[in-house]
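See structure below.
The values are calculated or read from the model by the stated rules, or taken from the named source; none is laboratory data. Values in this document were obtained by computation on a predicted structure and should not be read as measured data. Cβ coordinates were reconstructed from backbone atoms using ideal geometry, including for glycine residues, and neighbour counts include every protein chain displayed. Heavy atoms of the whole protein, side chains included, go into the accessibility calculation; ligands, DNA and RNA do not. Shrake-Rupley method; radii C 1.70, N 1.55, O 1.52, S 1.80 Å.
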Amino acid sequence: EKNEVTMDNNTILHSYQDWLKVQKMPAGKKKTLSAAVELFSRQGYNGTSTAQIAEKASISQATIFKYFKTKEELLSEIIEPLIPELKKEFLPKLKTYSKIEDVIHFIVQNRFRFLAQNADIIKIILQICFWGGIAFLIILPIILKSISIFEIMLYLNGITMLVIVKQF
């Protein structure tokens, strides 16, 4: 039985951990997801073993594989709820601005808040995108089914602006 993996549009959640707390799923699955996010963010996807996830979550590896057939499936379940959030508020609000100064101000504020609230998962996604491997092939279809190439480019431009602004 697969749990709902989209973040509820009627609930304001500030991070993946907030989302995870309100999900109806077994405690072992929540512990696994939480530990995996922390370790994937800190050590990278390829640098994290299921044994390390089990140890961090204080569960057995058998518990991990009870809920996730593979480490790749675990990664997919972590990334999937966040992708729709990338555009949920961003694009509709962006379209309301007509002056370039207002657009830039909105992009910087909005994306900074989103990145700060979801730093661990954004770090995982960026690591996977930059270092590729099998994990990239896992997350690419998840991203592309929720976000168009245009939206990805617009989003990356927003991140680039944020980086430039933070350096000055």
Practice item. Mind ranking 123-130, 99-106, 31-38 by how tightly packed they are, going by the mean number of other C-beta atoms within 10 angstrom, highest first? Key: 31-38, 123-130, 99-106
**Study point:** In nm, spacing of pseudo-spin labels at Leu91 and Cys129 (7 Å Cα→C-beta vector)
**Key:** 1.5
Practice item. Would you mind calculating the gained length between Ala116 and Gln43 on full extension (0.36 nm times residue separation, minus the Cα-Cα distance), in nm to one decimal? Key: 24.4 nm
**Study point:** Accessible area of segment 88-128 belonging to carbon and sulfur atoms, whole % at 1.4 Å probe
**Key:** 60
Review point. How would Tyr16, Tyr67 rank on accessible area, largest to smallest, probe 1.4 Å?
Key: Tyr67, Tyr16
Review point. What's the Kirkwood radius of segment 59-120 in Å, using all Cα pairs?
Key: 14.2
Check your understanding: By its C-alpha gyration tensor, with a ≥ b ≥ c as the square roots of the eigenvalues, how is segment 8-120 shaped: rounded for a/c under 1.5, else prolate for a/b larger than b/c, else oblate?
Key -> prolate
Review point. Given a 1.4 Å probe and every protein chain left where it sits, what share in percent of the accessible area of segment 25-76 is carbon and sulfur?
Key: 50
Review point. Once the piece of chain linking Ile100 and Glu80 is laid out straight, how much longer is it, given 0.36 nm per residue of separation minus the C-alpha distance between them?
Key: 4.0 nm
